[in-house]
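The values are calculated or read from the model by the stated rules, or taken from the named source; none is laboratory data. Source: prediction; values computed, not measured. Ideal geometry is used to build each Cβ from the backbone, glycine not excepted, and the neighbour counts take in all protein chains shown. SASA here: full protein model, heavy atoms, side chains in, ligands and nucleic acids out. Shrake-Rupley method; radii C 1.70, N 1.55, O 1.52, S 1.80 Å.
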Amino acid sequence: MKNRKTNILLITLCLLTLVAIGRDKGFSPGILFAAFLPDTAIRESLPPLAREITRLVGKYSLKDFTLSPGFTNDPVVLQRTVEFVYPVRVRSGAEFVVAKPGEAGYLACDMVEEGAGVVLYTCKGQGSS
Amino acid sequence: MTEQRPLPDRYLLRWSIVLGFVLLGNYLFWAFGAPAITKIGLVTVLLGLVGIFLLGRPGQYLPLKLFFIGGVVLALGSPTDGWDARSIWLFHGKRMFFDGSLYAQLDGYAPWSHNDYPTFVPALSASFALCLGYWNEVVPKVAGVFVMLPALCLLTAFLSGQRQILGLILMLLFLGRNFLFSGWMDPLLAVYGTALVASFYLLTKGGSREKIDQSEHVLLVAAMAMVAAILCLVKNEGIFIILAVNIAFLPAYIMSRVSIGRSVCLAGAAALLPLVGWELVCAKYGIHSDLSQDTLPLGFILSTRSWHDVLEIARCVFFQLEFAVPLILYLYLARQGKNNPLSGFLLMTALIYSLMVFAVYLVTPHDLAWHLKTSVDRTIIPVGLMIGYGCVMMMGRGSSAPKVLRSD
């Protein structure tokens, strides 16, 4: 009888801890039921700027691009972007540059598109700083 | 007092060995550049075996099976937002998936992702993605839960009764918490480290001259080799745990003059081969650990580290909840007279490993406050689980500890 009570207590504690882990990690049935789809949980996993950069990279089918210092100085945006856009690579001196709106150093480049908090430039033949 | 050596449940021991070697096979397939179809085939075999394990012996090992299913559900139903989980482990898996090579990360791209780290779990993530046909944000993360299963089977094999298994699961949930099913390697390191300590102790009988059954010996040697091989391929710290186990065994070795045994030595050496292979390839590509590149000379550190730094490291390492709670529970159970040699060996290894963790923070080239803040609650998980497993062993001593071999 005592053993049974102990087991019930342990099971309850295990279940409560599992529920707490699920809540802290943002568990959602929506993600679970879409777990095997290609674009699942992107919104929940990535900062908005990284998602916007990825959208521009995908729209123009870039093979590689340069991130401006305004982004590379922010490790969250830099690392999330590098991870998520792979196999597209982030490297210095690429033809296309992703910068913040109004960021200095890209006057000589042509703007391709301005997104939400992100500008895509082409600096063909002019290089990028 | 005669030692009551817990004897393993052979059914779980065999499952642990089979699943562990399938996982090692997946890694070796990647290491030797096997075609994608063979990796997909092996993952199919793995899924089939796990299915058979979950459905086999209904009603038995229920806490273990439900823990695994719960882990898979949580991993599939939550986003991957942990820093190391994304920037290191899943990123390496993604690189392997797109480049089709275990060595994709050795080109030096994105050096902040620690390109020297071993790729055992990323290899399984990449294989899962191969089965799926594309990379997504949640499915590759489940690899960690699958890798945990063989070591959990081994730890459970040494326990008897649902209460002990529930105790182990609760301890793991308490210690691993948010790192458990979200792509981090530290809980895996803890589970494999503890499994290694337990299997090594039972093989060497803690230095006693007691003979063990030959067939049990063969199974334990295979299990220990599998656990050691995976442990040092999960994360670099695995090698420190192996070192801590050997140091903890030294007193028994010196006092009892009992040799570890040729088969154990050979299996241990063979288990290190995959890691040696990985390190050689890293050296060939000029990829080194940030610690080995930047670690300050010892004399310089001693001159720059203040007593305040040392006390701060000690406070963060030894006064973590993950360390203190299992230790207090251990001392309470020991005071009740429930101590046993295996629990003592686990405690000894845990304390030695915690000193190693302390030493790593002492020589860190990173900002100390930042390094402690971002990692100490993870790095201490193996210490907590080793002590916690010792507590679980004490919970079952006497009434439930098996005295004879349990066979299937």
Whole-number D in µm² s⁻¹ for chain A, Kirkwood Cα-pair radius fed into Stokes-Einstein, 37 °C, 0.692 mPa s
188 µm²/s
So how much accessible surface do A and B hide from each other in total, probe 1.4 Å, in square angstrom to the nearest 100?
3700 Å²
Taking residue B:205 as the anchor, which lysines have their alpha carbon closer than 18 Å to its alpha carbon, excluding any fewer than eight residues away along the same chain?
B:403
Give me the distance in nm between label points sitting 7 Å out from Cα along the Cα-to-Cβ direction at residue A:39 and residue B:253, one decimal.
5.8 nm
Compute the accessible area of each residue in the stretch B:134-172 twice, once for its chain alone and once with every protein chain present, using a 1.4 Å probe on heavy atoms, and list those whose area falls by at least 40 Å².
B:134, B:136, B:137, B:163, B:166, B:170
Relative contact order computed over chain B (Cα-Cα under 8 Å; 6+ residues apart), in percent:
24 percent
What accessible area, in Å² to the nearest ten, does a 1.4 Å probe give for residue B:117?
40 Å²
Local electrostatic count, residue B:148, Cβ distance below 15 Å [Lys/Arg +1, Asp/Glu -1]
+3
Give the residue list of trypsin sites (Lys or Arg not before Pro) in the stretch B:149-253 that are DSSP loop and have at most 13 other beta-carbon atoms within 10 angstrom.
B:209, B:211
Residues whose placed amide H lies under 5 Å from that of residue A:112, excluding near-sequence neighbours:
A:120, A:121, A:122
Computed lengthening from residue B:328 to residue B:217, 0.36 nm per intervening residue step minus Cα-Cα distance:
36.6 nm
Here FRET efficiency (C-beta to C-beta, residue B:69 to residue A:24, R₀ 22 Å, nearest 0.05) is 0.65
Accessible surface of the stretch B:32-96 [probe 1.4 Å, protein heavy atoms]: carbon and sulfur percent
80 percent
Answer with one residue from A:46, A:122, A:94: the one whose Cα lies farthest towards the positive end of the charge dipole of the stretch A:46-122, charges on Cβ with Lys, Arg +1 and Asp, Glu -1.
A:46
At residue B:265 and residue A:113, where each label point lies 7 Å from the Cα along Cα→Cβ, what is the point-to-point distance in nanometres?
6.6 nm
Along each principal axis of its Cα atoms, how long is the protein assembly as shown end to end? Whole angstroms, biggest number first, please.
84, 58, 43
Can you give the FRET efficiency to the nearest 0.05 for residue B:134 and residue A:13, using r as the Cβ-Cβ distance and R₀ = 30 Å?
0.20
Chain B - charge dipole about Cα centre, Lys and Arg +1 at Cβ, Asp and Glu -1, debye rounded to 20:
1280 debye
Can you run phi through the Karplus equation (6.51, -1.76, 1.60; θ = phi - 60°) for the stretch B:104-117 and list ³J(HN,Hα) in whole Hz, with x for Gly and Pro?
4, 6, 7, 7, x, 5, 6, x, 5, 8, 6, 5, 7, 5
With the cut-off at 1.5 for a/c, could you classify the stretch A:46-122 from its C-alpha gyration tensor as rounded, prolate or oblate?
rounded
Accessible-area loss of at least 50 Å² in the complex relative to the chain alone (1.4 Å probe) applies, within the stretch B:55-87, to B:74, B:76, B:77, B:79, B:81, B:83, B:86
What per residue convex hull volume, in Å³, comes out for chain B when only alpha-carbon positions are used?
143 Å³
Could you tell me which Cys residues in the protein assembly as shown have no other cysteine's Cβ under 4.7 Å from their own Cβ, answering none if every one has a partner?
A:14, B:131, B:153, B:232, B:265, B:282, B:316, B:391
Give me the 1.4 Å probe accessible area per residue for the protein assembly as shown, excluding ligands and nucleic acids, in Å².
42 Å²
In range of the label at residue B:47: residues from the stretch A:28-43 whose backbone nitrogen is under 20 Å from the point 7 Å along Cα→Cβ:
A:31-41
With all protein chains present, how much of the accessible area of the stretch A:46-122 (probe radius 1.4 Å) comes from carbon and sulfur, to the nearest whole percent?
57 percent
So what is the 222 nm mean residue ellipticity for chain B from helices alone, if each DSSP H run of at least 4 adds -39500 (n - 2.57) and you divide by all residues, rounding to the nearest 500 deg cm²/dmol?
-22500 deg cm²/dmol
Let's see if you can work this out: charge +1 on each Lys and Arg Cβ, -1 on each Asp and Glu Cβ, no other charges. What is the dipole magnitude of the stretch A:46-122 about its Cα centre, in debye to the nearest 20?
240 debye
Rounded if a/c is under 1.5, else prolate if a/b beats b/c, else oblate: with a ≥ b ≥ c from the C-alpha gyration tensor eigenvalues square-rooted, which is the stretch B:169-287?
oblate
Once label points are set 7 Å from the Cα along Cα→Cβ at both residue B:335 and residue B:246, what is their separation, rounded to one decimal in nm?
3.8 nm
Please check: in the Gaussian network model of chain B (C-alpha springs, under 10 Å), which one of B:47, B:189, B:149 has the largest mean-square fluctuation.
B:47
